[in-house]
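Novice: Below is a structure I'd like to ask you about.
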Amino acid sequence: MKIRQELLKNIRQVEPYVPGEQPQGRVVKLNTNENPYPPSPEVRKALDALDTDAFRLYPDPASSVLIRALAEQYQVGEDQVFAGVGSDDVLSLCFLTFFNSDKPVLFPDITYSFYKVWAQLYRIPYECPALDEDFRIVKEDYYRENGGVIFPNPNAPTAIYEELDFVEDILAHNRDSIVIVDEAYIDFAGRSAVELVDRYDNLIVTQTFSKSRSMAGMRIGYAIASPALIRCLNDVKYSFNSYTMSRAALECGAAAVRDRAYFEENVRKIRETRMRTQNELQELGFEMTGSDANFLFARHPEYDAGWLFRELKKWGIYVRHWNDERIRQYLRITIGTDEEMDIFFQALRDILNNK
Ligand SMILES: *Cc1c(COP(=O)(O)O)cnc(C)c1O
């Protein structure tokens, strides 16, 4: 049954973000940039130590255990950290809190597709300066008047990391706008903009536990910024939903952050497999845009990406493909374990040889 016109006029309708498929069963899942390794064993211990009787009580609305662990890890004040239900939650709250101008918010044409959805949902005007031919952000495009700036570093799905002086240049040209740097993949890349937070009162850095910390299923993300901006974010959060982080997420998250050695080893393994994957794909004739995240963005000059995507699926191998004009010939391939990548290479060789 259709909604009557009289009702429809007051309903907020949006074109939603489309998440990657979550297939069940035995597949090789290289489509949503999850970590192929389990989280730190300390997470299991934290889970076992949970007092389930306490589940009847609301969790700490300030997320103190987790924030304390993060503040210590990043050497910032506890009043400089905000936590939420994945960085999607944190970013969405940032849009609501900081992007309230009549001027357009700026983000690249090829980037995390959720930005456009939040802008539409919250009715924030936006413009999308085009990446250059090599899929790099053109920093001069962000020198003009705007209602805020957001970009991921490394960018997704291009896997290109820009050095800190590039980020700082955009910050310096936007002293009167909030600039959000979405560092979902920073641990696989280079220096984080967190070190600029004390010098730029317009900077917000967001990160997540979903990729480098193997905890996409626990839903933990955070922002680091000046105490004043974090206070604004908290005010909006408390006006929206005070108890966002479950007791389990808070304890498991804090345990994961404290196990630094495990985290570093995990990241090292993925970077090593990434290097191998890059070499194998190059040998098969693929071209890649960058290699600074836990995924690669690759095209083959002779084979249609949509066709490759479908052929891989027949093998039970899931990668990501978009029908957007500029990136239609690319596949985004998450770095899995070495065993998963071997299955992927074997399938690719078979597909390409039997064409
Ligand atoms: C994965 C991702 C996020 C969100 O991750 P959460 O699971 O919500 O923490 C945010 N930004 C980019 C660019 C991502 O790729």
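The values are calculated or read from the model by the stated rules, or taken from the named source; none is laboratory data. On a predicted model such as this, the values are computed, not experimentally measured, just so you know. Here the Cβ is made from the backbone with ideal geometry for all residues, glycine too, and neighbour counts use every protein chain on show. Surface accessibility is based on the protein's heavy atoms, side chains included, excluding ligands, DNA and RNA. Shrake-Rupley method; radii C 1.70, N 1.55, O 1.52, S 1.80 Å.
Novice: Among 213, 26, 299, which one moves the most in a GNM of the chain with springs linking Cα atoms closer than 10 Å?
Specialist: Maximum fluctuation in the GNM of the chain, among the listed residues, is at 26.
Novice: How much accessible area per residue does the chain have, counting only protein heavy atoms and a probe of 1.4 Å, in square angstrom?
Specialist: Numbers: 17170 Å² over 355 residues.
Accessible surface, normalised per residue, equals 48 Å².
Novice: Between residue 21 and residue 54, what length comes free when the chain is fully extended (0.36 nm per residue of separation minus the Cα-Cα distance, one decimal in nm)?
Specialist: Contour length minus Cα-Cα distance gives 8.4 nm.
Novice: In addition: Over region 83-191, calculate the relative contact order: mean separation of alpha carbon pairs under 8 Å at least 6 apart, over the residue count, as a percent.
Specialist: So the answer I get is 27 percent.
Novice: Ok, one more. In the structure displayed, which of 45/237; 29/116; 103/139 lie more than 20 Å apart, Cα to Cα?
Specialist: Checking Cα-Cα distances, 45/237; 29/116 exceed 20 Å.
Novice: Report the Cα centroid-to-centroid distance between region 193-236 and region 244-323 in angstrom, as an integer.
Specialist: Here the two parts' Cα centres lie 23 Å apart.
Novice: With θ set to phi - 60° and the Karplus curve 6.51 cos²θ - 1.76 cosθ + 1.60, what are the ³J(HN,Hα) couplings of region 241-254 in order, to the nearest whole Hz, using x for Gly and Pro?
Specialist: Per residue, the Karplus-derived 3J(HN,Hα) values read 6, 6, 10, 7, 9, 6, 4, 5, 5, 4, 5, 5, x, 4 Hz.
Novice: Below 8 Å, C-alpha to C-alpha, sequence gap of six or more: please give me the relative contact order for region 308-355 in percent.
Specialist: Normalised by residue count, the contact order of region 308-355 is 35 percent.
Novice: Still on this structure: Quick one: pull the percent of accessible area on the chain belonging to carbon and sulfur, 1.4 Å probe, ligands and nucleic acids left out.
Specialist: It is 47 percent, rounded to a whole number.
Novice: What full-extension length gain, to one decimal in nm, is calculated for residue 4 and residue 355 as 0.36 nm per residue of separation minus the Cα-Cα distance?
Specialist: Gain in length upon complete extension: 121.3 nm.
Novice: List every residue whose amide H lies under 5 Å from the amide H of residue 290, counting only residues 5 or more places away in sequence or on a different chain, with H placed 1.01 Å from N in the peptide plane.
Specialist: Excluding prolines and chain starts, which carry no amide H, the hits are 297.
Novice: What dipole magnitude, in Debye to the nearest 20, does the chain give about its Cα centre under +1 on Lys/Arg Cβ and -1 on Asp/Glu Cβ? Write out the running numbers ahead of the final one.
Specialist: Values: 42 positive and 55 negative charges, 265 e Å.
With only Lys, Arg, Asp and Glu charged at Cβ, the dipole is about 1280 debye.
Novice: Work out, step by step, the length gained on full extension between residue 236 and residue 47: first 0.36 nm times the residue separation, then minus their alpha carbon distance; give nm to one decimal.
Specialist: Length gained, residue 236 through residue 47: 65.1 nm.
Novice: Shifting gears a bit: Output the antiparallel fraction of DSSP beta bridges having both residues in the chain, as a percent to the nearest 5.
Specialist: Working: 17 of 30 bridges.
Of all bridge pairs located within the chain, approximately 55 percent are antiparallel.
Novice: Can I ask one more? May I ask you to order 258-264, 142-148 by the average number of other C-beta atoms within 10 Å around their residues, highest value first?
Specialist: On the way: 258-264: 14.6, 142-148: 18.0.
Descending mean neighbour count gives 142-148, 258-264.
Novice: List the relative contact order of region 128-281 as a percent without decimals, with contacts defined as Cα pairs under 8 Å and 6+ residues apart.
Specialist: Numbers: 170 pairs, mean separation 24.0, N = 154.
Computed over region 128-281, the figure is 16 percent.
Novice: As a test question: what accessible area, to the nearest 10 Å², does residue 173 have when a 1.4 Å probe is rolled over all protein chains in place?
Specialist: 90 Å²
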